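Chemist: Below you'll find the structure I mean.
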Amino acid sequence: MSKKDEKNVSMQLDRREFIKLSAAVGAATIVGYDPVFGTIREAFAEDAPKAEKWFMSVCPYCGTGCGVNVGVAKGKVVAVKGMEDHPINKGELCILGKNLVGMLYTKDRLVSPMKKDGSGFKKIGWDEATATVAGRFKEIMEKNGPDSVAMYISASEYIEEYYVYNKFVKGCLGTNNLESSARLCWASGVVGIVKAFGADSPPCAFEDLELADLFFVAGYNPSSSKPIFFKRLMKAKKDSKATMIVVDPRKTDTARKADVHLQIKPGTDVVLYNAITNVLINEGLVNEEEARKLTNNYDKLKEHVQKSTPKYASEVTGLTEKEITDTARTIGKAKAALFMWGQGLNQSRIGTRKVTSLLNIPFITGNIGRPGAGPFAVTGQSTAMSLREVGGLPHLLPGFRAVADEKFRADVAAIWSVDAKKIAPKPGKTIVDIMKGIEAGEIKALWIIHSNPAATFPDTKWVRETLKKTEFLVVQDCYHPTETSNYAHILLPGAQWSEKGGTMTNGERGLNLIEQAVAPPGEARPDLEIVMDVARKMGFEKEFPYKKTEEIFEEFKTCTKGRPNDINGLTYERLRKDKGIQWPVPTAEHMGTKRRFMDRKFPGAEGKLNLHANDHLEPAEVIDGEFPLFLITGLVNEQFHSRTRTGKIDVLNKAVSEPFIEIHPDDAKKNKVKESDMVKVSSRRGSATVRATITDSIIKGAVFIPYHFGYLAGEDKAVNNLTNRSFDEAAKQPEYKACAVKIKKA
Ligand code: SF4
């Protein structure tokens with residue numbers, strides 16, 4: 001290896017050092033890098049075009065929802081800056097937010113509709129493209145019924161887009177097969193919340209960070225996934241001298257900042273939370289009278305956790321009895337505790353059990369319905385909250401209404417001006433069942449919008465084979481090729497963030513306006529215009545009379561009247577000044593709702609919270625002599641999802657240019673692997689070859705690979721070659737956090 005190559009390798013491995021040294025792309029020159037928050041500060045190069053006009057917007061990546069000003073010159077976005085007067089980020093942005101411009105002007109932008117032609121694609125006009133989609137969907141539905149088609153959308157789209165897709169699929173096509181990529185990251189979390197509260201009910205606000213004296217952070221690494229949120233968390237911790245306990249098999253940046261890091265064996269969370277509950281109850285740290293008043297099933301839970309002693313939990317989780325007991329005592333003595341969790345809990349075949357077991361703890365300790373206390377989960381995708389409130393999932397209608405409820409169907413049908421019988425009572429298929437449906441020949445047509453399942457779904461080989469079997473596959477995206485677009489019969493060029501307008505709700509129920517700053521490139525169009533065009537060609541002209549997104553927002557508002565997310569007090573005009581106002585906002589005079597359930601009346605049975613007596617269950621695939629290591633997949637802060645946006649931004653792409661594997665020094669020694677070696681990782685489904693990082697950040701017996709790389713990075717680079725098709729029993733979320741692998745120096 002030459003000196004230059006050696007330097008490149010070390011740069012690739014130490015992404016933070018690399019960022020410190022590298023020059024930024026485009027208009028920005030990096031002048032500093034904060035290794036804790038992943039935040040760069042940039043200075044605009046002298047020759048960068050000066051913005052002629054600024055537009056208000058929101059960062060489209062994570063659920064923090066940072067306000068962004070978008071600078072435009074000569075019809076192009078030339079700059080972004082954090083919005084100084086935005087309540088969430090007060091002018092700051094993380095490395096992803098600062099580099100938003102880079103996602104817009106890439107060589108692989110899809111700029112015209114295309115049709116499969118042999119093994120490639122040929123350019124076609126919009127009229128032919130939309131007529132083909134309308135004609136094929138109609139034909140397939142007439143022959144096989146409405147449930148033979150499905151739409152799969154992302155969790156990064158706008159309220160108005162979700163509203164149009166929902167109305168089209170459920171109100172016009174007559175199927176509930178509208179599914180979202182939120183299934184892959186937050187389904188178990190949301191199902192857990194619904195089971196525990198009796199409804200989808202995020203109670204807390206970011207302001208609670210400043211009021212808590214304890215942060216219990218489980219399977220969650222906001223330092224990498226939500227850096228601006230994490231920065232606020234760290235400031236709050238310092239200012240109020242709050243304690244932070246982190247549960248994670250990895251020493252993440254978040255864990256390194258904790259007062260206590262519980263480096264738990266992968267997958268054993270239910271045992272830990274039951275044991276903490278055991279200690280809380282048995283040491284008299286629970287006000288039982290209050291707990292019985294506040295919750296259902298308190299005595300059942302009390303009895304259930306008696307077997308979960310700290311001794312037993314110590315054997316299963318690998319933690320010491322003292323660590324478990326001390327943690328319970330710290331929680332029991334806290335004045336106001338916030339409980340946060342993320343994909344470490346959700347992405348498991350018992351993800352819902354893990355979440356409900358965790359939620360037992362704030363509920364029995366009265367950490368709910370008080371400032372600074374409660375469960376607080378900020379989603380990884382920017383509009384996962386909007387998606388749920390608009391009903392962009394197979395079991396929902398707008399305003400958190402269940403499709404199974406006849407009255408709800410009638411309410412929504414009246415607003416949509418469609419026959420109530422048109423909305424099917426049976427919930428539609430999740431993406432897991434859509435894939436199985438394609439395999440079984442039941443789903444014939446699939447329309448994918450801004451999602452990349454061929455990279456993000458577990459067991460890549462199976463997904464690719466399945467997509468090939470789709471009779472008619474439409475992919476609407478900003479980019480081509482993606483891992484998924486190659487399988488399409490028709491490609492529709494959609495618009496990217498800032499090339500379309502609308503509204504978004506962030507992880508604390510806060511609404512923001514995104515102004516369209518520029519036109520999409522080439523023939524690309526705002527996504528809801530494409531869907532409405534197809535709908536009209538299928539004969540649904542009167543259902544889609546809208547000329548502006550504001551008209552769609554106004555119609556959606558009527559669906560929220562009297563519902564938990566009532567936003568009848570909002571208009572586009574109001575959102576221009578009341579940035580991040582939190583629902584419900586039922587009237588024009590209402591100032592928004594910082595926290596919910598302050599009256600301690602909950603949506604569940606008898607107005608109480610539900611406790612859950614859960615048992616632990618091993619992951620679907622456990623380690624053995626042949627595959628002796630648990631694979632955990634996760635994210636890094638310089639990339640987002642399958643890199644369709646971030647993988648083309650030089651500064652981000654160079655920072656993490658290839659997948660890597662974290663191996664504990666003992667496991668590395670056992671397998672004769674050294675730092676920077678290329679390592680072949682194999683599971684029962686396939687293999688991936690990645691570069692080794694030897695670190696005690698990962699617990700012995702497990703390895704970690706970031707999930708961002710799909711097969712376009714190289715057939716043997718896709719981490720989902722390894723993962724398995726095991727799904728949460730209730731939420732159908734994939735178990736990305738535990739499958740069995742072996743490693744060998746390549
Ligand atoms: Fe965007 Fe999230 Fe970073 Fe804020 S924290 S700039 S919303 S990625």
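The values are calculated or read from the model by the stated rules, or taken from the named source; none is laboratory data. Worth saying up front: this structure is predicted, and the values here are computed from it rather than measured. Cβ: placed from backbone, ideal geometry, glycine included. Neighbour counts: every protein chain shown. We work out accessible area using only protein heavy atoms, side chains counted, and drop any ligands, DNA or RNA first. Shrake-Rupley method; radii C 1.70, N 1.55, O 1.52, S 1.80 Å.
Chemist: Out of K674, K680, K744, I need the residue that is open to solvent by 10 Å² or more (accessible area, probe 1.4 Å), at pLDDT 95 or above, out of contact with any Phe, Trp or Tyr (no Cβ under 9 Å at 6 or more places or on another chain) and part of a loop (DSSP other than H, G, I, E, B). Which one?
Modeler: K674
Chemist: Let me ask something else. Sort through A199, A291 and tell me the only one that's open to solvent by less than 20 Å² (accessible area, probe 1.4 Å), touching a residue at least 12 places away in the same chain (Cβ under 8 Å) and farther than 27 Å from P706 by Cβ.
Modeler: None of the others qualify; the one that does is A291.
Chemist: Something else: Give, as residue ranges, the strands (runs of 3 or more DSSP E) completely inside region 69-145 that count at least 2 residues that are more than 30 Å from K579 (Cβ to Cβ).
Modeler: So the answer is 114-117, 120-123.
Chemist: Just one of (1) in contact with a strand residue (DSSP E or B) (Cβ under 8 Å, 6 or more places away or on another chain); (2) within 16 Å of the ligand (Cβ to nearest atom); (3) not basic (K, R) trips up L214, so point out which.
Modeler: Here L214 clears every test but (2).
Chemist: Could you check region 624-655 and list, in sequence order, the residues that are surrounded by fewer than 24 Cβ atoms within 10 Å (Cβ to Cβ), part of a loop (DSSP other than H, G, I, E, B) and more than 16 Å from the chain's Cα centre (by Cα)?
Modeler: Across region 624-655, the qualifying residues are D624, G625, E626, F627, P628.
Chemist: So in region 68-109, with the set limited to residues that are in contact with a strand residue (DSSP E or B) (Cβ under 6 Å, 6 or more places away or on another chain) and near the ligand (Cβ under 9 Å from one of its atoms), which one is nearest to R509 (Cα to Cα)?
Modeler: Checked region 68-109; the qualifying residue nearest to R509 (Cα to Cα) is N89.
Chemist: Could you pull out the residue among P603, P619 that is assigned to a loop (DSSP other than H, G, I, E, B), open to solvent by less than 20 Å² (accessible area, probe 1.4 Å) and within 24 Å of S357 (Cα to Cα)?
Modeler: It is P619.
Chemist: Follow-up. So K231 ticks every box in (1) open to solvent by 10 Å² or more (accessible area, probe 1.4 Å); (2) in contact with a strand residue (DSSP E or B) (Cβ under 9 Å, 6 or more places away or on another chain); (3) away from the ligand (no atom under 16 Å from the Cβ); (4) under 18 Å from G372 (Cα atoms) but one. Which box is left unticked?
Modeler: Here K231 clears every test but (3).
Chemist: Go through (1) buried (at least 21 other Cβ atoms within 10 Å of the Cβ); (2) farther than 21 Å from S223 by Cβ; (3) not hydroxyl-bearing (S, T, Y) and name the single condition P659 misses.
Modeler: Among (1) buried (at least 21 other Cβ atoms within 10 Å of the Cβ); (2) farther than 21 Å from S223 by Cβ; (3) not hydroxyl-bearing (S, T, Y), the lone unmet condition for P659 is (2).
Chemist: Using beta carbons and a limit of 8 Å, which pairs, at least six apart or on different chains, have the first residue in region 51-72 and open to solvent by less than 30 Å² (accessible area, probe 1.4 Å) and the second one aliphatic (A, V, I, L, M) and near the ligand (Cβ under 7 Å from one of its atoms)?
Modeler: C59/L93; C59/L96; Y61/L96; C62/L96; T64/I228; C66/L93; C66/I228; V68/L93
Chemist: Determine whether E128 is acidic (D, E), open to solvent by 10 Å² or more (accessible area, probe 1.4 Å) and within 30 Å of P375 (Cα to Cα).
Modeler: No: the conditions fail for E128.
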